[in-house]
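Here's the structure, in structure tokens; my notes come after.
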């Protein structure tokens, strides 16, 4: 049973007010939280996701990365892309959003100048499809 809201009295201590404000902010901060950053990626099986999976094989991304369900993608030079859709960051620095991932795939050194990931000549449209597939990896 919930009690009715009672405002704090005028003489309430500063610590109590700070605690109340902190509780409000923490409560508001968790509203609408989700499990991962790439929550707006397309569902598995959609055309862009399927195309992205094919493009990852076509551009031989698996020569450096292990990528689930991409033929011959067992590379070890780059990080495994397993569960990539759950990651918070790309290359440990860039927030993992579909748009940022597509930009990363097109021109990684433009975002992280000292990266060892090469630019592979992927078009922006192809990169969006690849990002769609990687976002489904959970």
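Some points to look at:
- Any hit, the range 64-77, residues being closer than 21 Å to residue 126 by Cα, modelled with pLDDT of 80 or more and part of a helix (DSSP H, G or I): no
- Whichever residue in the range 73-106 is farther than 19 Å from residue 60 by Cβ and in contact with a helix residue (DSSP H, G or I) (Cβ under 6 Å, 6 or more places away or on another chain) and, among such residues, is surrounded by the fewest Cβ atoms within 10 Å (Cβ to Cβ): 94
- So residue 110, is it surrounded by fewer than 12 Cβ atoms within 10 Å (Cβ to Cβ), out of contact with any helix residue (DSSP H, G or I) (no Cβ under 7 Å at 6 or more places or on another chain), free of Cβ contacts under 8 Å to residues at least 60 places away in the same chain and not in a loop (DSSP other than H, G, I, E, B): yes
- Residue in the range 114-121 that is on the phi > 0 side of the Ramachandran plot, exposed (fewer than 12 other Cβ atoms within 10 Å of the Cβ) and either assigned to a helix (DSSP H, G or I) or at pLDDT 95 or above (or both) present: yes
The values are calculated or read from the model by the stated rules, or taken from the named source; none is laboratory data. Predicted, not measured: the structure shown is a model, and the values here were computed from it. Every residue, glycine as well, gets a Cβ built from its backbone with ideal geometry; the counts of neighbours run over all protein chains shown.
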